[in-house]
Amino acid sequence: MKDAGVMGLFQGHSVTLLRIFPYAAIKFVAYEQYRAVLMPTRAHENGRRQFIAGSLAGVTSVLFTYPLDLLRVRMAYEVKQVGKARPGLLSTCAQIYNEPAAGHNRGGLSFKIVNFYRGFMPTVAGMIPYAGLSFWTHHIATEFCRFNPMVTQYTRAPLDFDPQSSDLTPSQKRILEKPPLNTWAELASGGIAGLVAQTGSYPLEVIRRRMQVGGLLNPEVFVSFMDTVKDIYRVKGFKGFYVGLSIGYIKVAPLMATSFAVYERMKTALHID
């Protein structure tokens, strides 16, 4: 705020928008593909398979969009850290490319393109529990809302046909197997999934962000995963791995609530089981 004003709060937002479209699209499309293989019928659905399908989908999406995530973090951080005018996308790319790459400190081969994957391994390690827990928790929450007799009268959306009819169409039978939920129930299920996923993967999120901005904090050295872990623990101890978790909750709850609600509604609109 002091250096860039209100607009500083939106630093890197354009890259976020550029990243979120392919990231979300790849994640949900990949999840449906993995789900079709791991859970071809509802009888195959269980927590373990949901977790595996979600984790694989998350890793797949990160693999293709990680450089954009790095650019987003770096562009957002640079104004706060350096206090200069807003850096452009191309100048940030050039800065990252010209930083020391992995292997540089040990005299080995260095590949500059690797700089765009700083923090990639902790991101993958964090994405496995994050995406896995989010899809798993969302499945549990929505199943509870759909089939628990204590809440179904409040959570289920009204049907436009008689479920007791003897001449139900195949489409109507599929709807009864997976009854639609009210909007608030879908939002609540997604929000809970986001909170659980954020809690389970947050330490790796902290490590990832620290590695992503490592080029700004120490531009002459490529900081490794273990170096980052040791540095965080040395400065703030175990609590250092949970710095900013409350802010993360504020961000991720509405994000995941909206994301899963739109996902479910689009599946219904497109007749995807």
Task: Condition broken by residue 86, with the remaining ones in (1) closer than 23 Å to residue 124 by Cβ; (2) surrounded by 12 or more Cβ atoms within 10 Å (Cβ to Cβ); (3) of a type outside the set (A, V, I, L, M); (4) at pLDDT below 75 satisfied - done: (1)
Open item on the list: Restricting to region 153-180, name every residue that is within 26 Å of residue 259 (Cα to Cα), assigned to a loop (DSSP other than H, G, I, E, B) and of a type in the set (D, E, K, R).
Closed with: 160, 178
TODO: Run residue 238 past the list (1) exposed (fewer than 13 other Cβ atoms within 10 Å of the Cβ); (2) over 21 Å from residue 265 (Cβ atoms); (3) in contact (Cβ under 8 Å) with a residue 12 or more places away in the chain; (4) aromatic (Phe, Trp, Tyr) and report the number of the one that doesn't hold.
DONE: (3)
- [ ] Identify the single condition in (1) more than 21 Å from the chain's Cα centre (by Cα); (2) surrounded by fewer than 15 Cβ atoms within 10 Å (Cβ to Cβ); (3) not basic (Lys, Arg) that residue 247 does not satisfy, given that it satisfies every other one.
- [x] (1)
- [ ] Answer yes or no as to whether residue 29 is exposed (fewer than 15 other Cβ atoms within 10 Å of the Cβ) and in a helix (DSSP H, G or I).
- [x] yes
- [ ] Would you tally the residues in region 144-170 being over 32 Å from the mean Cα position of the chain (by Cα) and hydroxyl-bearing (Ser, Thr, Tyr)?
- [x] 3
Open item on the list: Taking the criterion of being at pLDDT 90 or above and outside any helix (DSSP H, G or I), would at least one residue in region 181-193 satisfy it?
Closed with: yes
- [ ] Might you let me know whether region 166-178 holds any residue that is touching a Lys or Arg at 6+ places or on another chain (Cβ under 9 Å), more than 23 Å from residue 75 (Cα to Cα) and touching a residue at least 40 places away in the same chain (Cβ under 8 Å)?
- [x] yes
Task: Members of region 234-255 found to be within 27 Å of residue 145 (Cβ to Cβ) and either touching a Leu at 6+ places or on another chain (Cβ under 8 Å) or part of a loop (DSSP other than H, G, I, E, B) (or both), listed by number - done: 249, 252, 253
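The values are calculated or read from the model by the stated rules, or taken from the named source; none is laboratory data. Everything numeric here is computed off the predicted structure, so don't read it as measured data. Don't worry about glycine lacking a Cβ; one is built from the backbone with ideal geometry, like all the others, and counts go over all protein chains shown.
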